[in-house]
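Colleague: Got a structure for you, questions after.
Values quoted throughout were computed directly from the atomic coordinates according to the rules given, and no laboratory measurement underlies them. The model shown is predicted, which means the values in this text are computed figures rather than measured ones. Every residue, glycine among them, receives a Cβ derived from its backbone with ideal geometry; neighbour counts consider all protein chains shown.
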Amino acid sequence: MTEPEAERDPAQHLMLWTDIKRQPDGSQRRTPIPLDAAAAQFAAMIEAGRAAESRLDPEDPDDAVAFSRNRGRVIATLLAELSLRLTPGQGAGAIRGDGAMSELAADIARHLRGPGY
C-alpha cells in the first residue's frame, strides 16, 4: 500500500521523482526531493564518472563529444525534468534554492562545449 503523494512545490522540488521509503507497517511513504539535494546527488554522480572521462583525449581533433554514462544519465534526467516544467499549463514558476541546479546545468553545458568556453 502506498500513501498519497506528498505535495510537491515545483519551485523547491523535483517534478520528475519523489523519494519512496518503506515504512515499518509495509506501506510506502513518498516525499518530495528538494532541488538542491538533487543537484548535489547529480554532481556526485558526475564526479563518480570522471575517471572514465579522464581517459578521453581532449586534444583529439575529432569533433565527437564523449562523456561518462553517469554524466549522460544526469543530462537525460535534467532534460526530462525540464520537459515537465515546460509542459503547457504547468505553472512551475521561479526556482527557490541555492542555485546549485542551475550551476550544475551550466557546468554540464561548458563540458559539452569543450575547452575554451
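Colleague: Per-residue HN-Hα couplings for the range 82-89, Karplus 6.51 cos²θ - 1.76 cosθ + 1.60 at θ = phi - 60°, whole Hz, x for Gly and Pro?
Modeller: So the J values, rounded to whole Hz, are 4, 4, 5, 5, 9, 4, x, x.
Colleague: For the range 67-113, rounded, prolate or oblate, judged on the Cα gyration tensor with a ≥ b ≥ c (square roots of eigenvalues), a/c < 1.5 rounded, else prolate if a/b > b/c?
Modeller: In terms of gyration-tensor shape, oblate.
Colleague: In whole Hz, with x marking every Gly and Pro, tabulate ³J(HN,Hα) for the range 66-71 from phi via Karplus 6.51 cos²θ - 1.76 cosθ + 1.60, θ = phi - 60°.
Modeller: Going residue by residue, I get 10, 8, 5, 4, 4, 4 Hz, with x marking Gly and Pro.
Colleague: I'd like the FRET efficiency for ARG96 and ALA66, computed as 1/(1 + (r/R0)^6) with the beta carbon distance as r and R0 of 30 Å, rounded to 0.05.
Modeller: 0.25
Colleague: Residues in the range 10-36, backbone N under 17 Å from the label point at ALA106 (7 Å along the Cα-to-beta-carbon vector): list them, ranges by number please.
Modeller: Only 36 pass the distance filter.
Colleague: MET101: net charge of surrounding residues, Cβ under 13 Å, Lys/Arg +1, Asp/Glu -1, itself excluded?
Modeller: Residues close to MET101 contribute a combined charge of -3.
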